[in-house]
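In what follows, a structure is listed as C-alpha cells, so that the remarks can point back to it.
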Amino acid sequence: MKTTTIQSIKPAQSAPLVLPAAQLRSNAQTLFAQLDKNPAARAEFIHNPVGVLTAKVSQRQLPAQQVSDVNRLLFSMLANDGFRQWMDDYPASPAGKPVSEEQFSKDFAAAVLKYADADLIRAMFKLASDGFGLPGFGNSAEQLLIGPEKSVATPPATPSTSDQTLRSSQNFNGFASGLPFGFGGVADAALLRTVISQLVDQAKQMQAAGQLKV
C-alpha cells in the first residue's frame, strides 16, 4: 500500500495560478474520464488525491510537504464517520446563498470540537505547524479546497446511493468558495460514487494501519 511521503521543506512562496471556472470544469472532466478508463490513474488518485487534483485540475505544483499534509488531513476526515457525515450534510447554500467564510469557520470549529478524533486533530496541527495554515480559518481554507482563490474543489465527502445523497455529498466541493463547481456536474454519478467509496476505504485502511498518525 502506498503512503504519502513526509518531508521537511519550507513552504514555497509563489503567486497563485487562477484559472477560469470553465477551464477548471474542463480539466475535471478530463481527469474523471481518465479515472474511468485507466486503472493506473484511478489508483494514483486514490492514493494521492490532493496531488492529482492540484496538478490535473488547478494545474499547480504544491510543495511535497503540503501535499502530504493535506492528504493526511483529507484521509483523516474521510476515516472519521462523524466528521464525514457532517461534511456530507453541511448546507453549502442555505436559502440559496453561499455560506460565508466567517460562518464556515465557526461551523467548522464546532464540528471539530464535536467529532474530531486524535488522527484528525494531529493532521490539522501538522498542517499548521508546517506553515500551511489551520484548515477552515481565513486564507487557510485554500488547503481544504486545494485550489487558487478558493475556486477548485476537493473530492466529495462520502459514497452515495441516491441522487439526493449524491447532491449532498457535493457540499465539500465548494461551500467555502461560493462557486457552483462540483464534481457531480463533471463526472458520471456511478463513477463518482465508486471513486468516493474507494477514497473512504483507503482512508479506513490507512487509519487501521496507523498510517494517519503524525
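The values are calculated or read from the model by the stated rules, or taken from the named source; none is laboratory data. No experiment lies behind these values; they were computed from the predicted model shown. Cβ placement follows ideal geometry from the backbone for every residue including glycine, while neighbour counts extend to all protein chains displayed.
Against the list (1) within 27 Å of Ala190 (Cα to Cα); (2) out of contact with any Leu (no Cβ under 6 Å at 6 or more places or on another chain); (3) free of Cβ contacts under 8 Å to residues at least 40 places away in the same chain, the condition Lys56 fails is (2). For the range 77-104, filtering for residues that are over 22 Å from Ala209 (Cβ atoms) and either under 16 Å from the mean Cα position of the chain (by Cα) or among the aromatic types (Phe, Trp, Tyr) (or both) leaves 8. If you go through the range 58-90 and keep only what is among the hydrophobic types (A, V, I, L, M, F, W, C) and in a helix (DSSP H, G or I), you end up with Ala64, Val67, Val70, Leu73, Leu74, Phe75, Met77, Leu78, Ala79, Phe83, Trp86, Met87.
Let's see how each residue does on (1) surrounded by 15 or more Cβ atoms within 10 Å (Cβ to Cβ); (2) of a type in the set (Gly, Ala, Ser); (3) in contact with a strand residue (DSSP E or B) (Cβ under 8 Å, 6 or more places away or on another chain); (4) modelled with pLDDT under 75:
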| residue | (1), (2), (3), (4) |
| --- | --- |
| Ala176 | yes, yes, no, yes |
| Leu179 | yes, no, no, yes |
| Phe183 | yes, no, no, yes |
| Gln207 | yes, no, no, no |
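Please tell me if Lys2 is charged (D, E, K, R), modelled with pLDDT under 80 and surrounded by fewer than 15 Cβ atoms within 10 Å (Cβ to Cβ). Yes, satisfied.
Among all residues of the range 25-42, there is at least one that is assigned to a helix (DSSP H, G or I), modelled with pLDDT of 90 or more, among the basic types (Lys, Arg) and surrounded by fewer than 17 Cβ atoms within 10 Å (Cβ to Cβ).
Criterion applied to Ser76, Ser58 was being among the small types (Gly, Ala, Ser) and within 26 Å of Ala22 (Cβ to Cβ), and the one residue passing it is Ser58. Residue count for the range 47-57, restricted to those that are over 11 Å from Leu31 (Cβ atoms) and outside any helix (DSSP H, G or I): 1. Among all residues of the range 61-76, there is at least one that is of a type in the set (Ser, Thr, Tyr) and at pLDDT 90 or above.
Taking (1) in contact with a Leu (Cβ under 6 Å, 6 or more places away or on another chain); (2) surrounded by fewer than 23 Cβ atoms within 10 Å (Cβ to Cβ) in turn, Leu73 satisfies each apart from (2). How about the range 73-103: which of its residues are under 26 Å from Arg193 (Cα atoms) and either touching a Gly at 6+ places or on another chain (Cβ under 7 Å) or of a type in the set (Ser, Thr, Tyr) (or both)? Those that are under 26 Å from Arg193 (Cα atoms) and either touching a Gly at 6+ places or on another chain (Cβ under 7 Å) or of a type in the set (Ser, Thr, Tyr) (or both): Ser76, Tyr90, Ala92, Ser93, Pro98. Within the range 91-123, which residues are closer than 22 Å to Asn80 by Cβ and not in a helix (DSSP H, G or I)? The answer is Pro91, Ala92, Val99, Ala116, Asp117.
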